[in-house]
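Quick notes on the structure that follows.
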Amino acid sequence: MDKLKKNELGSLLEHFSIERKPYLFVPINDGLINDTYRVLDQDTSVYILQRINHNTFKDIEGLMSNVKNALQYLKDTDYAPISLVRTKWGKSYFEDAEKGFWRLMTYIDQSTAHNTAENEKIAFEAGRIVGKFHTLLQYAPKTAFVETIPDFHNLRVREVQFEQAVVSAKKEALEKAKGAIAFAKDTFPLFSDLSTGDLPVRICHNDTKLNNILFSKVTDKSLCLIDLDTVMTGHFYYDFGDAVRTIVNSAKEDERQHGKISFDRRFFEAFLDGLSLNGSFLTAREIELLPLGAAFMPFIHGLRALTDYLDGNRYYKVTYENQNLDRCLSLFNFTQKTLVLLDYMKITTAEKLGR
């Protein structure tokens, strides 16, 4: 999607129930799907304005219903609330025929996000807030949530999409990706235990990478999770694995120098310590499968990036031709390093989360 000019963004704000004044806009470029802007009143950040990518999220009404339902429960003394700003017509989003679907949310003052864990406190606080998120949502009615992206983490569906992409891909792309394609085919069977169906269904965030967690600039304490577009039913290992892959590894998701990709055990253990503060809701079977989930999530993200690369880069934003392939190779490399540590993770999770 093309970035909009200041006057166009200003005209969008006029549709929301806020005071009219000359706001400033600062783009936030971390996201791969939506277009996001921080809205400032002079020098003070007051709102987040976001265009929802309708190519990715087909059911905007259902998506926004999920967000509203989740926000009702995500309020507590140690969980900072976020509110949706209604339009002048009482809706939670505004639809523009040319500019798409937009929402406006309150901004949490003195907050920040981290792309990588800079210390063990950040890892600990990430675990604490992910556990708190699930604790607050564990009694939310699951029937109130729709699938915003059907089969988002369904490995069998992603495998079929991957196989179709291999059949239709250009020869040049197949040649460049042949190593990744072989790794994907060899790795699918390793995750068969995760499809057993004996895990409780929960309301999950489904995209708990570290930069979707807000922290206090003053205390480094975690405040809340943001980007709730993928809040829907799922299994806890989705959120566990997504958080782990971005907390224990300081390399970029599309890192080409694979020697920089690592698994920091200190950060993994700190994350578990934080999670354990709210971890009593987990079943023994969930805890048993968390290590495999830590390998599963980078694998399925890498598989999606590989599929998108073979499909001609239709889903993720790319800034250069082979970026999706680089994402895939980096994520697969981290998957390999995580699989080697399964025994270590099993022992550690049992010690810190066992009941």
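The values are calculated or read from the model by the stated rules, or taken from the named source; none is laboratory data. The model shown is predicted, which means the values in this text are computed figures rather than measured ones. Cβ placement follows ideal geometry from the backbone for every residue including glycine, while neighbour counts extend to all protein chains displayed. Side chains included, ligands, DNA and RNA excluded: accessible areas come from the protein's heavy atoms. Shrake-Rupley method; radii C 1.70, N 1.55, O 1.52, S 1.80 Å.
Results, tabulated for the structure shown:
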quantity	calculated
Cβ-placed point charges (K, R +1; D, E -1), dipole of the chain about Cα centre in debye, nearest 20	220 debye
Within the stretch 1-104, chymotrypsin sites (Phe, Trp or Tyr not before Pro) in DSSP loop having at most 15 other beta-carbon neighbours inside 10 Å	Trp89
GNM top mover of Asn324, Asn119, Asn249 - the chain, alpha-carbon springs below 10 Å	Asn119
Amide N of the stretch 232-276 lying under 16 Å from the label point, which is placed 7 angstrom from the Cα of Phe191 along Cα→Cβ	234-246
Accessible surface of Tyr320 - all protein chains present, 1.4 Å probe, nearest 10 Å²	70 Å²
Kirkwood Rh in Å, taken over all unlike Cα pairs in the chain	21.1 Å
Per-residue ³J(HN,Hα) for the stretch 155-172, Karplus 6.51 cos²θ - 1.76 cosθ + 1.60, θ = phi - 60°, Hz, x for Gly and Pro	5, 5, 5, 5, 5, 5, 4, 4, 4, 5, 5, 4, 5, 9, 5, 5, 4, 4
5 angstrom amide H check on Leu223, placed H, neighbours 5+ away	Leu214, Phe215, Ser216
GNM flexibility winner over the chain from Leu137, Leu190, Leu228 (Cα, springs under 10 Å)	Leu190
Amide H contacts under 5 Å for Asp96, placed H, 5+ residues apart	Phe101, Trp102
Bins of 5 Å, starting at 0 and running to the largest distance - Cα pair percent for the stretch 3-66	4, 16, 25, 23, 19, 11, 3, 0
Heavy atoms of Val146 accessible to a 1.4 Å probe, total area in Å² rounded to 10	60 Å²
Descending semi-axes in Å of the stretch 195-252, equivalent ellipsoid built from Cα gyration tensor	24, 14, 9
Amide N proximity, the stretch 320-355 versus Arg265 label position 7 Å along Cα-to-Cβ, cut-off under 20 Å	334-354
Karplus (6.51, -1.76, 1.60) ³J(HN,Hα), θ = phi - 60°, over the stretch 283-298, in Hz, Gly and Pro reported as x	7, 4, 5, 4, 4, 4, 8, 4, x, 5, x, 5, 8, 5, 5, x
Two-site label geometry, Lys221 and Arg38: point separation in nm, points 7 Å out along Cα→Cβ	2.1 nm
Rounded to the nearest 20 debye, dipole of the stretch 99-229 from Cβ charges on Lys, Arg, Asp, Glu	240 debye
Normalised contact order of the chain, rounded percent, pairs of Cα under 8 Å and 6 or more residues apart	19 percent
Placed amide H near Ile28: partners under 5 Å, 5+ positions off or other chain	Thr36, Tyr37, Arg38
Accessible area expressed per residue, the chain, with surrounding protein chains retained (probe 1.4 Å, Å²)	45 Å²
Where labels lie 7 Å past Cα in the beta-carbon direction, separation of Ala97 and Gln257 in nm	5.2 nm
Where only C-alpha atoms are counted, convex hull volume of the stretch 1-120 per residue in Å³	141 Å³
Accessible heavy-atom area order of Glu19, Glu255, highest first, probe of 1.4 Å	Glu19, Glu255
Within the accessible area of the chain (1.4 Å probe), percent carbon and sulfur	49 percent
Set Lys58/Lys221; Lys171/Lys252; Lys6/Lys58 screened for pairs whose C-alpha atoms are more than 32 Å apart	Lys58/Lys221
Net length gained if the chain between Glu351 and Lys142 were fully extended (0.36 nm per residue, minus Cα distance)	72.2 nm
In order through the stretch 210-218: 3J(HN,Hα) via Karplus (6.51 cos²θ - 1.76 cosθ + 1.60), integer Hz, x for Gly, Pro	4, 6, 9, 10, 8, 10, 6, 5, 7
Most mobile of Gln257, Gln336, Gln72 in a GNM of the chain (Cα contacts under 10 Å)	Gln257
